[in-house]
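**Q** I'd like to ask you about the structure that follows.
Just so it is clear, none of the values below were taken in a lab; they were calculated from the coordinates. Predicted, not measured: the structure shown is a model, and the values here were computed from it. Cβ: placed from backbone, ideal geometry, glycine included. Neighbour counts: every protein chain shown.
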Amino acid sequence: MEAGKHECHALGREDMEPQINVNKQPFFFDGIRAGFPICLGYVPIGLAFGVIAQKAGLSPVEIALMSLLVFAGSSQFIAVSMISSGSEILSIVMTTFMVNLRHFLMSSSLSRFSGVKKGGFLSFFSYGITDESFAVNLAKFTQGPWDMNRALVVNQSANMVWIISTVAGGYGSRFIPEKAFGMEYALPAMFICLLVFQLRGLAYILTAAMAAIIAVTLSLLIPGNSYIVIASMIAATLGVFLKPIIMKR
Amino acid sequence: MEMNSYLILLLGMGAVTYIPRWLPMFFLSGKKLPQWLIDWLDFIPVAILSALLLPALVTSGDPRQLDILQTKMMVGIPTFLFALKTRSLAGTVVVGMGLYRLAGQFMN
């Protein structure tokens, strides 16, 4: 564990954002600040989900329960459309499982930074692992001083904004800002920047390029989102084999 | 859907979403991992971010089709360059949103 942690700090580049000594600041505000872009991106998506769920016949309470118990954007959209088309419970649950399986990889990757935290904390922390919180926390952990308490604040602030905005959407479409401020591009822009943070050398750039090509190809060939897990695993494996070759040159 | 079966559905969805999030965090934490696995997990983030992002930028529709020249991708290029240059997350999000809003007025 310590070896992995150490290595990731060593890999962090010096030209990243200037480091402030996080330990002197209240961890809560660090987490809120880091999580803010996620929250910004969740508002329009959450509102849109609420509106669609309401049209599918879900009450605000039912929407709140789903956002609380599932907390996974894309699978919630899929579930609502399956509910309105009258699908069986089992097939909705199976689809949810497939759609959310990618978090297994994210959780594995984040587990390297869990430090001294114990089972109870980790079990609660795991609840909040999403594409977005994973990407933000991973960037923070690899760049420098960051810890699980701050990471948990990122997870849970995003969770709270998600629940509130989905419920607000459930009260009616009048809360939906019509393409306001280009907010629907907040999350893609965030992912672009977080991807840039991860391009820490030639091996990473090549891995990203392979993942992109494989993912785009698979996404055109197979329906659903299994291309994410398959492409990431293939590209990361190729990255492991490429790394020693690149290091030698 | 009546409330009871809805609750069963949510418990099922919640369980199958939570378990993959929880298993590795709970069981891998604090374990001494073999070097190849550490290396592999080190490549997972960049691979997963790329695999999440690119199809979203260059495909559209259902079933998905290649659509490279769409607004999302066109805005993505300057946004990427801005991120590369500034390494500022907040700045990139603001610039990306602004460009997307701007592009929306000229394209479509």
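**Q** Show me the helices of chain A, taken as full DSSP H stretches, that run 30 Å or more along their long axis by Cα and average 1.0 or above in Kyte-Doolittle hydropathy.
**A** On the way: long enough: A:27-55 (40 Å, 1.17); A:148-170 (33 Å, 0.71); A:226-248 (34 Å, 1.61).
Membrane-span-like by this criterion, though nothing is claimed about a membrane: A:27-55, A:226-248.
**Q** Given H placed on each backbone N at 1.01 Å, which residues far from B:Thr59 in sequence or on other chains put an amide H within less than 5 Å of it?
**A** Distant-sequence amide H within range of B:Thr59: B:Asp67.
**Q** What's the Cα-based Rg to Rh of chain B, Rh via Kirkwood?
**A** Rg divided by Rh gives 1.12.
**Q** Going by Cα centres, segment A:63-92 and segment B:9-34 are how many Å apart?
**A** Using only Cα atoms, the two centres lie 20 Å from each other.
**Q** Take the residue pairs A:Lys248/B:Lys31; A:Lys140/B:Lys85; A:Lys140/A:Lys248; A:Lys243/B:Lys85; A:Lys118/B:Lys32 and return only those whose Cα atoms are more than 21 Å apart.
**A** Going by Cα-Cα distance, A:Lys248/B:Lys31; A:Lys140/A:Lys248; A:Lys243/B:Lys85 fall outside the 21 Å limit.
**Q** If I take every Cα pair under 8 Å that is 6 or more residues apart in segment B:27-108, average their sequence separation and divide by the length, what percent do I get for the relative contact order? Don't jump to the answer; show the numbers that get you there.
**A** Values: 35 pairs, mean separation 15.7, N = 82.
The value is 19 percent.
**Q** Now for a separate question. For chain A, how big is Rg over Rh, using alpha carbon atoms and the Kirkwood form of Rh?
**A** Here Rg/Rh amounts to 0.98.
**Q** Can I ask one more? In percent, how large is the relative contact order of segment A:73-150, given Cα pairs closer than 8 Å and 6 or more residues apart?
**A** 29
**Q** Got a sec? How would B:Thr86, B:Thr92 order by Cβ neighbour count within 10 Å, fewest to most?
**A** Lowest count first: B:Thr86, B:Thr92.
**Q** Net charge near B:Thr59: determine it from the other residues with C-beta under 15 Å of the C-beta of B:Thr59, scoring Lys and Arg +1 and Asp and Glu -1.
**A** Residues near B:Thr59 contribute 0 overall.
**Q** Pull out the extension gain between A:Ser84 and A:Ser226, defined as 0.36 nm times the separation in residues minus the alpha carbon to alpha carbon distance; nm, one decimal.
**A** Extra length available between A:Ser84 and A:Ser226 comes to 48.8 nm.
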